[in-house]
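The structure appears below as structure tokens.
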Protein chains: 2
Amino acid sequence: MGAFEELMAWARQTRALAQVAGRLAWDQETMMPRGAAEQRAEEAGAMEAVLHARRSDPRVGAWLEAAEAADPGPEARAQLRLIRHEHDRVRRVPGDLAAELARLTSRAQGIWAAARAEDDFAAFAPVLEEVVARKREEGAALADGGDAYDALLDGFEPGMTAAELDRIFGEMRPRLKRLRERALGHGDAAPLRGAFDTQAQLELARELAGRFGYDFARGRIDLAVHPFSAGAGDDVRITTRVSAEDPFNCLYSTIHETGHAAYEQGIAPAYRMTPVGQGVSMGVHESQSRLYENQLGRSRGFCHWLYGRMRAVFGDLGVADEEAFYATVNRLHRGYIRTEADEVQYNLHVMLRYDLERQLIAGDLEVADLEAAWNAWFAEDFGYPVDRAANGVLQDVHWSVGLFGYFPTYALGNVYAGCLHAAMRAELGELDAQLAAGDPSAATGWLRRHVQQHGGLYPPRELVTRACGGAPGAGPLLDYLDEKFGALYPG
Amino acid sequence: MGAFEELMAWARQTRALAQVAGRLAWDQETMMPRGAAEQRAEEAGAMEAVLHARRSDPRVGAWLEAAEAADPGPEARAQLRLIRHEHDRVRRVPGDLAAELARLTSRAQGIWAAARAEDDFAAFAPVLEEVVARKREEGAALADGGDAYDALLDGFEPGMTAAELDRIFGEMRPRLKRLRERALGHGDAAPLRGAFDTQAQLELARELAGRFGYDFARGRIDLAVHPFSAGAGDDVRITTRVSAEDPFNCLYSTIHETGHAAYEQGIAPAYRMTPVGQGVSMGVHESQSRLYENQLGRSRGFCHWLYGRMRAVFGDLGVADEEAFYATVNRLHRGYIRTEADEVQYNLHVMLRYDLERQLIAGDLEVADLEAAWNAWFAEDFGYPVDRAANGVLQDVHWSVGLFGYFPTYALGNVYAGCLHAAMRAELGELDAQLAAGDPSAATGWLRRHVQQHGGLYPPRELVTRACGGAPGAGPLLDYLDEKFGALYPG
């Protein structure tokens, strides 16, 4: 075997093991008996050690150099680009630091959960300080002389920089704040009220997943505390949750996760179990899930159709008509929690975290001052004070598990979704009519052709540029939001 | 760290990875989407490669020698005994042969399933010939000059030999045949007739599992095509199946698997994730499952109680009274299939396979003559001819996947169960009354104290000898069967 073939055999087996580890995590959230947590931590740790040893295999560097020198074709170049990206990242972080971060974040997650339950940031601050200190070290090691935050960001969105994010977010913030203020000037819109049979919710969620192209022969839907999508290729599972009071939680989480899953299921079969055979970045992944959920699932047409479908399933909804239902689905209201936010305010939540975590990594902000900084920022962007830590600085798990550089990909996903949606609409003349018939298949087919099938073949920015015919920017998203919410909340 | 500590850290991580591989196999039978089979084979193969590499780690031999020389305490000696046993077996089989066997048996299993569906032994014979040839090689490599079949047997029942089995089975066969003939002289007893709600069966099965001591906080019950138990320590899962016509299938499979699971769940927590922390042999494992299922679950007292419970759940069963129900549960009838056989005939099925596989490995029988040999033997032991290959030589998966030396542990489990049951009865005066109240907890508690908690601390024969106060033999089982079935089928 040549170096490229050796490398691909190694990569394929590594991917297979990563899938096994991913399935173990899925099992933990869906199937694991409650008494098995301690033993499971040991099992998951053993898998992590196996994967780390494989990724640190010294032969990889030599294979890479030889294979890169041979200048193979475009697909092989993409495989090498992705292997090189991961290899360089693994190589730059000292093994001791990686192991210490794994131990530390495992401990920090438990402390965070307890602190959140008690609304007590001070109980979390000491371990978060340790995490931040280690992440600064890790960022510096990865950056190799460059910017530490950019280096962390690059792990989730290869090629993206904080400078570029600043440019994009700088354009977004004022327009989003303006839109938010105008909408909330109308007062909080009323939510759906009532109790909705949870089994019927789940059945409708399964139907919606199918309509959005989820392939049940290569996946399954289970219940979990937090909805997520896991797996790749022929085994991509999603989870959802159900609340009798709020059927939109179950239905729209399911559509969101279907977007993630459809991306993985939609990658060309030839790439399966190779580095190219998975979603290329967190931002592009989120672009799919958010486009499914919002631009398609919360569109006027689809809401009109869903109104009829939900009345057929649940009976009278206490909502006057299709237009009122569309307004209810897209209602803006005051709130503290990112994951419950609407399309407009969601991005403001993300930017707040991005700014704070960037300062933390740069050393411009210390953990001791984090809660105050959060609260000040929130009051500035949202116009009212945080009422308690669980609704503020303690609401997200991310920092406790060491995810710095991850938050901005949520907003970037919306930016990409805006670009893709505009390009798709320009091409698909019948889209509104199809959505009004409950049929998003033309839209999901467009995404499959232009985005999903390519997996990691192109870097994120190139992928979006190819799909949209121009470089990504916030303009299309902001225009879409202005049009949609401007009509719902006339000024 | 000293050599022993190094070795135990290695063993612990290996156990953790083996658990992950086991959970992957559980997932395949219970949860996996149907389109994921091909990808799953690659994932399972990658895990197998990781485990094989670990088990072949050249450091293990050196650690073992150093640790053995240090003469540690009794628990450490047991750990070393088990690690040494596996290490020597792995070391003796050339890596190429192990890999070839893995590939071959994976292929052979599919060919066997297709051949069984077509009742066509000739379609299976060529690949089985290859399997037998490789197993002869493996047996010879393992035997290191000794007997090849003994060496294969030792993989499932350490310390057991074919000579000892011949002695035990030689005592059993004539008495079992006599009992069988007498019982069938009464004609085939009638089965339960009717249709039994499958959801109610599953609920009752869960109740029975609980009564037999299954800890649901450290396990779960799901449906699968073939019932099995999987896992160790704090995560031991069982599966069952359900048929509307035959509720005993679901209920007694569940009690059987509960026996396996209770063994694993009942091992002392201090041994968890170590070599001592798992069932010590296939025979001892089967002794627990069979004792739970038969000596307890099919006892007169428990059947009397179950009659009332099943009438409460399903209504009239079409069975006159408790005694008639007891006879129905324990009915003997003509049949071809091992897994459907009663307590008497089951062992005759096992001995047939044992004799044939021993001849195959010794080279005294060739695959070309296997079907004829099976059919002749069956007619001799059971008194009527095999009607088709799927009911004869093709009925079991074992040989296709390379399990030679495994079958006799099924009958050995019954022999051990006979000894344990006799010892238990001598000690527990109230056993019959407790079972008649649907409460097997005194019996399962006795097994936990005398067998289960020890895990692999003692070799199988020593474990049973300690529990029973004497060396294991077929006498107690045969006396129990004579008494039970002699009363049901008076001569």
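The values are calculated or read from the model by the stated rules, or taken from the named source; none is laboratory data. All values reported here derive from a predicted model rather than from experimental measurement. Heads up, the Cβs are rebuilt from the backbone with ideal geometry, glycines too, and the neighbour counts pull from every protein chain shown.
Comparison of B:A9, B:A16 shows that the only residue that is surrounded by fewer than 16 Cβ atoms within 10 Å (Cβ to Cβ) and either among the aliphatic types (A, V, I, L, M) or at the interface with another protein chain (Cβ under 8 Å from one of its Cβ atoms) (or both) is B:A9. Of the helices (runs of 4 or more DSSP H) lying entirely inside region B:32-151, those containing at least 2 residues that are among the acidic types (D, E) and within 30 Å of B:Y354 (Cα to Cα) span B:74-92, B:95-118, B:121-143. Taking each residue of region B:106-119 that is under 15 Å from B:A41 (Cβ atoms) and looking for partners that are among the small types (G, A, S) and surrounded by fewer than 14 Cβ atoms within 10 Å (Cβ to Cβ) with beta-carbon atoms closer than 8 Å, six or more apart or interchain, yields B:S106/B:A41. Within region A:336-349, one or more residues are assigned to a loop (DSSP other than H, G, I, E, B), of a type in the set (A, V, I, L, M) and at negative phi. Taking region B:203-275 and the strands (runs of 3 or more DSSP E) fully enclosed by it, the elements with 1 or more residues that are in contact with a His (Cβ under 7 Å, 6 or more places away or on another chain) are at B:229-232. Put simply, of A:R134, A:R167, A:R175 the only residue that is assigned by TED's automatic domain parsing to the domain that holds A:A46 and of a type in the set (K, R) is A:R134.
Within region A:323-334, the set of residues being out of contact with any Cys (no Cβ under 7 Å at 6 or more places or on another chain) and either part of a helix (DSSP H, G or I) or surrounded by 15 or more Cβ atoms within 10 Å (Cβ to Cβ) (or both) comprises A:E323, A:A324, A:A327, A:T328, A:N330, A:R331, A:L332, A:H333.
For region A:61-83, the criterion of being among the basic types (K, R), without any contact (Cβ under 8 Å) to a residue 60 or more places away in the chain and more than 30 Å from B:A261 (Cα to Cα) is met by at least one residue. Taken as a whole, the condition of being crowded, with 23+ Cβ neighbours inside 10 Å and either farther than 23 Å from B:A37 by Cβ or within 14 Å of chain B (Cβ to nearest Cβ) (or both) applies to A:E264.
For (1) touching a residue at least 60 places away in the same chain (Cβ under 8 Å); (2) within 25 Å of A:A113 (Cα to Cα); (3) aliphatic (A, V, I, L, M), each residue gets a yes or a no:
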site	(1), (2), (3)
A:R175	yes, no, no
A:D188	yes, no, no
A:A217	no, no, yes
A:F228	yes, yes, no
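Evaluated against (1) in contact with a His (Cβ under 9 Å, 6 or more places away or on another chain); (2) buried (at least 20 other Cβ atoms within 10 Å of the Cβ), A:I337 falls short on exactly one condition, (2).
Residue count for region B:220-232 under the criterion of being in contact with a strand residue (DSSP E or B) (Cβ under 9 Å, 6 or more places away or on another chain) and within 14 Å of another protein chain (Cβ to nearest Cβ): the result is 8. If the condition is being of a type in the set (F, W, Y) and either closer than 20 Å to B:G279 by Cα or not in a helix (DSSP H, G or I) (or both), then region B:459-491 contributes only B:Y489. On the stretch given as region A:29-79, residues that are away from chain B (no Cβ under 14 Å) and either of a type in the set (G, A, S) or surrounded by fewer than 19 Cβ atoms within 10 Å (Cβ to Cβ) (or both) total 20. All of (1) in contact with a helix residue (DSSP H, G or I) (Cβ under 9 Å, 6 or more places away or on another chain); (2) more than 14 Å from every other protein chain (Cβ to nearest Cβ) hold for B:G277 with one exception: (2).
Looking at the structure I just gave you, is B:R92 surrounded by 16 or more Cβ atoms within 10 Å (Cβ to Cβ), at pLDDT 95 or above and among the charged types (D, E, K, R)? No: the conditions fail for B:R92. Exactly one residue out of B:G213, B:G170 is closer than 30 Å to B:E323 by Cβ and of a type in the set (G, A, S), and it is B:G213. For A:R272, the test of being within 26 Å of B:Q39 (Cβ to Cβ), surrounded by fewer than 24 Cβ atoms within 10 Å (Cβ to Cβ) and either within 14 Å of chain B (Cβ to nearest Cβ) or over 18 Å from the mean Cα position of the chain (by Cα) (or both) is passed.
May I ask you to list the residues in region B:233-249 that are out of contact with any Pro (no Cβ under 7 Å at 6 or more places or on another chain), of a type outside the set (A, V, I, L, M) and away from chain A (no Cβ under 14 Å)? If the condition is that a residue be out of contact with any Pro (no Cβ under 7 Å at 6 or more places or on another chain), of a type outside the set (A, V, I, L, M) and away from chain A (no Cβ under 14 Å), then B:S243, B:E245, B:D246, B:P247, B:F248, B:N249 are the ones that fit. When A:E427 is tested against (1) crowded, with 22+ Cβ neighbours inside 10 Å; (2) without any contact (Cβ under 8 Å) to a residue 24 or more places away in the chain, exactly one condition is not met: (1). Candidates in region A:158-216 are the residues that are of a type in the set (D, E) and farther than 27 Å from A:C250 by Cα; of these, the one that is nearest to the other protein chains (Cβ to nearest Cβ) is A:E164.
Of all residues in region A:277-293, none satisfies being in contact (Cβ under 8 Å) with a residue 60 or more places away in the chain, surrounded by fewer than 20 Cβ atoms within 10 Å (Cβ to Cβ) and in the same structural domain as A:P227 (by TED's automatic domain parsing).
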